[in-house]
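Data block below; observations after.
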Amino acid sequence: RDATVWRKPSEEFSGYLYKAQGVVEDVTNRIVDHIRPGPYRLDWDSLMTTMDIMETFDENCCVMRYTTAGQLWNIIAPREFVDFSYTTSYEDGLLTCGISLDYGEVRPNFVRGFNHPCGWFCVP
């Protein structure tokens, strides 16, 4: 329903840090299932073209590789990201966090993208 987004200049890179907060009425696990690595992410993220779990450490901890489509007639090349993702219970909710890894070879026709550390906290 209601969503608020904040941004501020990063002190570490030329860009912005973003923080978003919103209210979604649903079960906590179901919401997080649409954010963390898994099949639901491909249902709503139209830029994501593939997602593969490359290594699983336990049920909520993995290394994933996903690709995004090129943009503006491929002026912006298709990207490939390899991220470490971890989800855990925290207080009354769920915490999901991730960071990019330098992991494996880059697929042909892709540019390796980089995600700064990020996370989501979902409370009932």
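Ratio of alpha-carbon Rg to the 2.2 N^0.38 Å globular estimate for segment 26-122, to two decimals, please.
1.12
Mean residue ellipticity at 222 nm from the helices of the chain, using -39,500 (n - 2.57) per DSSP H segment of n ≥ 4 over the full residue count, to the nearest 500 deg cm²/dmol?
Value at 222 nm, helices only: -2000 deg cm²/dmol.
Of 53, 76, 99, which is the most mobile in a GNM of the chain whose springs link Cα atoms less than 10 angstrom apart?
Of 53, 76, 99, the Gaussian network model singles out 76 as fluctuating most.
Relative contact order of the chain, please, whole-number percent, based on alpha carbon pairs below 8 angstrom and at least 6 residues apart.
Over the chain, the number comes to 17 percent.
Any read-out appearing in this document is the output of simple, stated calculations on the displayed coordinates, not a laboratory observation. Fair warning: this is a prediction, and the values are worked out from it, not measured in the lab.
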